[in-house]
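As structure tokens, the structure follows; a few thoughts come after it.
The values are calculated or read from the model by the stated rules, or taken from the named source; none is laboratory data. Predicted, not measured: the structure shown is a model, and the values here were computed from it. A quick note on method: Cβ atoms are made from the backbone with ideal geometry, for glycine too, and the neighbour counts reach across all protein chains shown.
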Amino acid sequence: MHATKSLVMVMERPEILQHWLTHMDGTVVHRKLRFGPFELSIGERVLRRDGRVLPLGDRALDILTYLADRPGEVIAKQELMDHVWSDVTVEEGSLRVHVAAIRKALGDGQFGNRYIANIKGRGYSFVGTVLRLEDGKGSGSNSPNSEEGSLRHP
């Protein structure tokens, strides 16, 4: 029963499979996203600032991962809620509470740093420059603010 439920969850949320990569020799490499002094380890489900783990709940991590994995894109509030709370119906207020927690953890708005923008009437957008790290190597940035250009991760 447990295996069936896990399989159904993976089938309904294929992005779970994208959270990690496996090398030919069987070692698992977790994808990481770096922005500013932060590193989001998707496979470990941990947000670090300068190497120190920051406390952030599961739903907030899901929201941050979804946004940071799509920098510069406007993500509709309903799309975020459907992604994070796929099994229950929630009010928009729940999303706002979690986004506020993410902003607090990131120090969003302090010292001119902005990471998450509210696009009035449309949704949210991750506006920080994101560097994708896989296997210890950077693979570019999707942010329109990046000087490196726009490289899309498959």
Worksheet item: Hey, any hits in the range 8-27 for a residue that's among the small types (G, A, S), over 19 Å from R132 (Cα atoms) and either in contact with a Lys or Arg (Cβ under 7 Å, 6 or more places away or on another chain) or at pLDDT 90 or above (or both)?
Response: no
Discussion item. For the range 54-63, check the following and say yes or no: at least one residue is assigned to a helix (DSSP H, G or I) and surrounded by fewer than 15 Cβ atoms within 10 Å (Cβ to Cβ).
Written reply: yes
Worksheet item: A100: surrounded by 17 or more Cβ atoms within 10 Å (Cβ to Cβ), under 24 Å from A117 (Cα atoms) and modelled with pLDDT of 90 or more, yes or no?
Response: no
Worksheet item: For the range 33-59, how many residues are over 9 Å from the mean Cα position of the chain (by Cα), among the aliphatic types (A, V, I, L, M) and under 18 Å from V84 (Cα atoms)?
Response: 3
Practice prompt. Would you please name the residue that is surrounded by the fewest Cβ atoms within 10 Å (Cβ to Cβ), looking only at residues in the range 26-48 that are free of Cβ contacts under 8 Å to residues at least 24 places away in the same chain and not β-branched (V, I, T)?
Written response: G26
Item to complete: Examine the range 138-153 for a residue that is modelled with pLDDT of 85 or more and surrounded by 15 or more Cβ atoms within 10 Å (Cβ to Cβ), and state whether such a residue exists.
Response: no
Worksheet item: Can you find a residue in the range 109-125 that is modelled with pLDDT under 85 and either part of a strand (DSSP E or B) or of a type in the set (D, E, K, R) (or both)?
Response: no
